[in-house]
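Notes for the one structure printed next.
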Amino acid sequence: MHEDRTDTLTAATAQGTTPPSPWARRLTRYGYRPSERTSLRERLVPPMPDGPGVPTGAPSPVLARLGLHVPLGLWQFACRWAGWIGPLVLTAFAGVMTFWKLGTPNAIIFDETYYAKDSWSIWHYGYERNWADNANTLIMQTPQHIPTPTGPEFIAHPPAGKWVIGVGEELFGLNPFGWRFMVALLGVLAVLIVCRIGRRLFRSTLLGCLAGLLLAVDGMHYVMSRTGLLDQMVMFWALCAFGLLLIDRDRSRARLADLVGATVDNPDAPPNDELATSARLGWRPYRILAGVCLGLDCATKWNGLWFLALFGVMTVVWDATARKAAGARRPYLTAALHDAPWAVVSMVVVALLTYVGSWSGWLATSGGYDRNWAAGRKGLSPDSLGPLHHLPQFDMTWVPAALRSLWHYHSEIWDFNTNLHTPHTYMSNPWSWLVNARPVSFYYESPTQGKSGCTVAQCSSEVLGIGTPLLWWTATFALLYSLYRWFFRRDWRAAAICVAVAAGYLPWFQWQQRTIFLFYTIDFEPYLALAVAFMIGAMLGHARARGDRRLLGAIGAGVLVLAIMANFLYFLPLYDAQVIPVDDWRARMWWPSWI
């Protein structure tokens, strides 16, 4: 051990770096290795693990030991395109699971009663309309009869998500498969996006695919992908924005590296304050696309605003840290002056325009709820200002009447959403969400012997909105690990995961008395999968760690992943309404609060 310490100190001296601390030297016993000195370009833009231009090397010796001889050409093709092959395989796996018997249960479950009909109405009339009390019965009967909705209906959420659900209804009809189709498609695509995000975030195709696999076998994601609700789309658009901002981060940092002289041909150029401060990062289309996605997020449900706010701050901080690495002495001031204004335009302004555009059907017609409220009014009364009710009334005739009516409508939606305190059997407190203390029963039937395939005296058939328990409990520890990496190791990847979780989770704590549900966690669930993959990466250890350390880490990680998958399979009958004996159903009710 004394010789190991001497070697470490000698290597640090030869490289011109600071010798490791006594604590770091003690950690070498467990496989810790200090990071190697890298060029400025590599610090700004670490290389991707595979893809065109990345050396592939010879086929794996492990395969040869197993007697599998892979032709060199096939091996090089697999290595070069592994970043797409693995994610696409997992996406196909998720697609088969999600779309298999998507129309089951053949019923309107939970809040599908609102969004299925609102989506059909918005596609046929441009806005939501009222339906008869027996509309559900008529829609689900055979032969089907779709009643004609009459008059405008007050709604609690913007229209973008209902436009998306309506696409499936236009393709396949007003039936369970139709109103679940687009939600299922976005849920499957989310697996692909998480794989690609994880690959870019961790610079590891393995960890990216692992994150996608964990998302695919999470019960909450599976249930929400097979239910015609809006929350899955809030998750999807925020996830798209997160991925686009990661691409923008790499592209802008590569441009900054070029501007300070750390080019591909000269990666070891020194940091330069003058160049790093004066650099202009140019046209950033991926950040604009992120603004569009965040606009669609807000136009699905208003809690998308938190993703817009925190992601906007995060991308500017990324710019500041890039300038700091490039040599800028006042990176945050420089980013505030040069990068933040364009970030506001690219994200906030673009998101606002996208949001207003989602109301095009309501604006283009005259029958929507409150559509003509502004007729004959010069301004906005205090009760029409919602959270800005303390402002005095003033003349706003210069604003088009349609937009004034839209503002008033929004004040009513705000009042409804912030004052919804009606008790519900399955409502829960956000403090309990990470451990899945109170799931939501979307659908439940108790068939008896001889009915619906029941072969015992009494059976159960349920769609339970709950995450895979072992995955979520593991994710709780993974979040703590990510916080540690953020605060004590200054790991930007951990910070990005924590910020995304915070955007989807923390805002609900201000509405603890409001009627809220566990399935709202789907907004930040993909980042829990990324956090677990991040923690598993630490379990596997660095590529330069000792062989025994890597072996133990791989065994532990493999056991954990297999246990999570087994846990998902065990609860699968509760996710897709399988008819099972009631005793088997009770065996899965691990906590009394799950009933």
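The values are calculated or read from the model by the stated rules, or taken from the named source; none is laboratory data. Because the structure is predicted, anything quoted here is derived from the model rather than measured. With ideal geometry, Cβ positions are generated from the backbone for all residues, glycine too; neighbour counts draw on all protein chains shown. Surface areas here come from the heavy atoms of the whole protein model, side chains and all, with no ligands, DNA or RNA. Shrake-Rupley method; radii C 1.70, N 1.55, O 1.52, S 1.80 Å.
Order of 490-499, 580-589, 139-148, 464-473 by packing, highest average Cβ count within 10 Å first? Write out the running numbers ahead of the final one.
Values: 490-499: 19.3, 580-589: 14.9, 139-148: 11.4, 464-473: 23.2.
Put in order of decreasing packing, that is 464-473, 490-499, 580-589, 139-148.
Summarise the accessible area of the range 529-582 (1.4 Å probe, protein heavy atoms) by the percent that is carbon and sulfur. If you can, show how the numbers build up before the last one.
Details: 1680 of 2260 Å².
Accessible surface attributable to carbon and sulfur in the range 529-582 totals 75 percent.
Quick one: pull the percent of accessible area on the range 314-363 belonging to carbon and sulfur, 1.4 Å probe, ligands and nucleic acids left out. All intermediate terms of the calculation are to be shown ahead of the outcome.
Numbers: 1700 of 2330 Å².
Here it works out to 73 percent.
What's the local net charge at LEU44, with K and R +1, D and E -1, over the other residues with C-beta under 13 Å away?
Residues close to LEU44 contribute a combined charge of +3.
How many Å² of accessible area per residue for the chain, probe 1.4 Å? Don't skip to the end; give the middle numbers.
Numbers: 27540 Å² over 595 residues.
Per residue, the chain has an accessible area of 46 Å².
With the Cα gyration tensor of the range 256-315 giving a ≥ b ≥ c as the square roots of its eigenvalues, does the rule (a/c under 1.5 for rounded; else a/b larger than b/c for prolate; else oblate) give rounded, prolate or oblate?
Working: a/c = 3.90, a/b = 3.02, b/c = 1.29.
Because a/c hits 1.5 or more and a/b exceeds b/c, the range 256-315 counts as prolate.
Could you work out [θ]222 nm for the chain from helices alone, using -39500 (n - 2.57) per DSSP H run of at least four and dividing by all its residues? Round to the nearest 500 deg cm²/dmol. Mind dumping the intermediate values first?
Values: 26 runs with 338 residues, N = 595.
Taking each H run of at least 4 residues, the total per residue is -18000 deg cm²/dmol.
Taking the Cβ-Cβ separation of ALA364 and ALA502 as r and a Förster radius of 45 Å, what is the calculated FRET efficiency to the nearest 0.05? The partial results should precede the final answer.
Details: r = 37 Å, r/R0 = 0.83.
It comes out at approximately 0.75.
Spit out the partnerless Cys residues in the chain, using Cβ distances under 4.7 Å as the pairing rule.
Taking the Cβ cut-off of 4.7 Å, the unpaired cysteines of the chain are CYS79, CYS195, CYS209, CYS298, CYS498.
Once you order the gyration tensor axes a ≥ b ≥ c over the Cα atoms, which shape class does the chain get: rounded for a/c under 1.5, otherwise prolate or oblate by comparing a/b with b/c? Let's see the in-between values first.
Working: a/c = 2.13, a/b = 1.32, b/c = 1.61.
Judged from the Cα gyration tensor, the chain comes out oblate (a/c at least 1.5, b/c at or above a/b).
So between VAL264 and TRP283, what do we pick up on full extension, going 0.36 nm a residue minus the alpha carbon distance? Intermediate results must be reported in sequence, preceding the final value.
Working: separation 19, 0.36 × 19 = 6.84 nm, distance 2.09 nm.
Stretched out fully, the VAL264 to TRP283 stretch lengthens by 4.8 nm.
Taking the Cβ of SER441 as the center, what net charge do the other residues with Cβ under 15 Å away carry, scoring Lys and Arg +1 and Asp and Glu -1?
Values: positive: ARG226, ARG438, ARG586, ARG588; negative: ASP111, GLU112, GLU445, GLU462, ASP576.
Residues near SER441 contribute -1 overall.
Calculate the dipole size of the range 439-595 relative to its Cα centre from +1 charges on Lys and Arg beta carbons and -1 charges on Asp and Glu beta carbons; express the result in debye to the nearest 20. List each step's numbers first, then the result.
Numbers: 12 positive and 9 negative charges, 174 e Å.
That gives a dipole near 840 debye.
Rounded if a/c is under 1.5, else prolate if a/b beats b/c, else oblate: with a ≥ b ≥ c from the C-alpha gyration tensor eigenvalues square-rooted, which is the range 116-190? Can you show the working numbers first?
On the way: a/c = 2.27, a/b = 1.24, b/c = 1.83.
It is oblate, given that a/c is not under 1.5 and a/b is not larger than b/c.
Among the complete DSSP H segments of the chain, which ones combine at least 27 Å of alpha-carbon extent along their axis with a mean Kyte-Doolittle hydropathy of 1.6 or more?
Details: long enough: 176-202 (38 Å, 1.46); 231-259 (42 Å, 0.45); 304-326 (33 Å, 1.07); 469-489 (29 Å, 0.61); 547-575 (41 Å, 1.27).
Span-like helices in the chain: none at all.
Where does the charge balance sit around THR104 when Lys and Arg score +1, Asp and Glu -1, over other residues with C-beta under 11 Å from its C-beta? Don't skip to the answer; put the middle values down first.
Working: positive: LYS101, ARG180, ARG226; negative: ASP576.
For residues surrounding THR104, the net value is +2.
Could you please state how large a percent of the accessible area of the range 100-219 is carbon and sulfur, counting protein chains only and using a 1.4 Å probe? Walk me through the numbers before you get to the answer.
Numbers: 2550 of 4330 Å².
Carbon and sulfur atoms account for 59 percent of the accessible area of the range 100-219.
Sorted by accessible area (1.4 Å probe), largest first, how do THR277, THR422 line up?
Details: THR277 45, THR422 90 Å².
I get THR422, THR277, largest accessible area first.
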